[in-house]
Amino acid sequence: MAIGAYAAWMLAQEARSLLTRLARLEPFALIEPTVLAAALMPSAQSAIESQLVQGRRELRRMVAQFQWWLRREQADGASMATAAEAQRRFIFLRLKFNAALTQFDLFNEVITQRSEHKTGVWLAGLDIVAADALALPGDVYQAPPVICYLDRGPGAAIRRARTRLPGGGDNPVAIIRLPRERMIGSSIASSLVHEVGHQGAALLDLVASLRPVLQAMQHGGSGAVHVWQLWERWISEIVADFWSLARVGVAATLGLIGVVSLPRVFVFRLNVDDPHPVPWLRVRLSCAMGRALYPHPQWSRLEQLWLSYYPLAGLPLFQQRLLEQLQASMAALVGLLVQHRPPALRGASLAESMAVQARQPARLGHLFRSWNLAPGQMYEAAPTLVFAVLGQARASGSLSPEDESELLGRLLTHWALRSTLDTSELCADVVRHGRQAGGTVPPPASRLIIH
């Protein structure tokens, strides 16, 4: 049956109604009330707004095409188009509109938290920590903007940049979801930098460069084939744990213990579909990687503590045997990770690129003592180094949980405020030099120390 006048009118009305609702999706810069220090970095804000504008523009174009098609079919007396076909075309438009709303809500959930008192500024500070955790020396990759938000639950997650968004298009920023229960302590760095590690590993194609090595170990390495098959299955999460250790030291392992400290049945559960290693083994692997990167007695203490929490006794013999086999191959796996030199790093290892020598426990302890005498130096240090120092101080008992929380609140506020002032000064420089008909923009010089 051809499109009737009433059906055509109804669908035309629906299309116009959709356009009116689409027009109400305003840029976040116009609708989100946040203090300046809590705002997204300009690069992140611009990337998100551009992505959403592009999606809305494409949807308006598709609606206009539908309206033109509807008018043409109505005017053509010989048209064979049916009401069912017209309805099918409009439903497709509505699905695209819902996809645009999904993208809007995805970013809205992140940005809305920036209006929360204190929390918004702290999240902006965590953005700075994430950017520092992702940065590597040399032009090895172009790091995307990273934005953080809080959610319930003990674990963190990441929606990596340059992955597909619901409804199409590439995600312009990395979005990291952090557990609210960890605000604020140094263990927040463990969750944050682990997720950053997933983004960094993707940019370096690190997992793909490790898989052939692990597959070779299945055929010619020490240990049973099924053991190395499991390591290969878990390698993405293992690499992210390695990244976290290389950036924040023992804080990564302490934070991991906090995440996977669960009822015993979950700590020993092996799920072949889970990309995460068995929690009991994962903590031991973290200690083994930490021992290789930062030789120190603390790793044995932590490992023994973990074993006292979750002894193997009482497990079925087959499960004990598998865990023992995995543990026996752990040293070889750690050696592969420490010595691995992915092509993207042009001959350097990941540990060398992250300068783990500057994060040895003795040096971190020395920095903590120095910063006690001259606190201003701490505010000038790289954020991940600060978290490494404070995590080491917590592990050694030199820093109380209360002082740690108070100090980190000040540091996150400082990093957010400093970044805001630097950005404002940079913008002011651009305006001044533009008025002078072309000058170079000097680097930002403003620094604010908060004691």
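The values are calculated or read from the model by the stated rules, or taken from the named source; none is laboratory data. Source: prediction; values computed, not measured. With ideal geometry, Cβ positions are generated from the backbone for all residues, glycine too; neighbour counts draw on all protein chains shown. Accessible surface is based on the protein model in full, side chains and every heavy atom, while ligands, DNA and RNA are left aside. Shrake-Rupley method; radii C 1.70, N 1.55, O 1.52, S 1.80 Å.
On the beta carbon distance between R162 and Y309, with R0 = 60 Å, the FRET formula returns roughly 0.95. Taking label positions 7 Å along the Cα-Cβ direction at both Q218 and W9, the computed distance is 6.6 nm, reported to one decimal.
Using only alpha carbon pairs under 8 Å that are at least six residues apart, calculate the relative contact order of segment 193-318 and give it in whole percent. Let's see the in-between values first.
Details: 105 pairs, mean separation 27.4, N = 126.
Once normalised by length, the contact order is 22 percent.
Hey, can you find the accessible area per residue of the chain for me, probe 1.4 Å, expressed in square angstrom?
47 Å²
In this structure, the amide hydrogen of L150, modeled 1.01 Å from its nitrogen in the peptide plane, lies closer than 5 angstrom to those of L178, counting only residues at least 5 positions away or on a different chain. Once you list every other residue whose beta carbon is under 15 Å from the beta carbon of P311, what net charge do they have if Lys and Arg are +1 and Asp and Glu are -1? That sum, taken over residues with Cβ under 15 Å, equals 0.
Counting only DSSP H runs of at least 4 residues, each contributing -39500 (n - 2.57), and dividing by the residue count of the chain, the helix-based mean residue ellipticity at 222 nm comes to -21500 deg cm²/dmol. For the chain, the fraction of 1.4 Å probe accessible surface lying on carbon and sulfur atoms is 57 percent. Each part gets one Cα centre, and for segment 231-300 versus segment 66-129 those centres are 40 Å apart. Of the listed values (i) 38, 22, 21; (ii) 46, 32, 20; (iii) 43, 22, 22, grab the one calculated as semi-axes √(5λ) of the Cα gyration tensor in Å from the structure here. After the calculation, the listed value that fits is (ii). Model label sites at A358 and L19, defined 7 Å from Cα along the beta-carbon direction, differ in position by 5.6 nm.
Stretching S79 away from D205 to a fully extended chain increases their span by 40.0 nm, per 0.36 nm per residue minus the current alpha-carbon distance. Helix 250-260 and the long axis of the chain differ in direction by around 60°, with both axes built from C-alpha atoms. Secondary structure note: in the chain, about 45% of the DSSP beta bridges are antiparallel. Between R180 and Q339, the contour length at 0.36 nm per residue exceeds the alpha carbon distance by 53.7 nm. A Förster radius of 30 Å combined with the Cβ-Cβ distance from L30 to A64 puts the calculated FRET efficiency at roughly 0.80. Computed from the C-beta positions of R321 and Q377, the FRET efficiency with R₀ = 41 Å rounds to 0.20. The angle between the Cα long axis of helix 317-328 and the main principal axis of the chain comes to about 80°, on a 0 to 90 degree scale.
For segment 266-343, build the charge dipole from Cβ charges (+1 Lys, Arg; -1 Asp, Glu) around the Cα centre, then report which of V334, P316, V283 sits farthest towards its positive end. Value computed over the given set: V334.
Projected onto their three principal axes, the Cα atoms of segment 177-325 cover extents of 44, 41, 31 Å, largest first. The orientation-averaged shadow of the Cα convex hull for segment 281-397, equal to a quarter of the hull surface, comes to 9.2 nm².
Relative to the longest principal axis of the Cα atoms of the chain, helix 5-23 runs at roughly 40 degrees. The trypsin sites (Lys or Arg not before Pro) of segment 328-363 that meet both conditions, a loop assignment by DSSP and at most 14 other Cβ atoms within 10 Å of the site Cβ, are R346.
For segment 1-148, what ratio Rg/Rh do Cα atoms give with a Kirkwood hydrodynamic radius?
Working: Rg = 21.5 Å, Rh = 18.2 Å.
Taking Rh as the inverse mean 1/r over Cα pairs, Rg/Rh reads 1.18.
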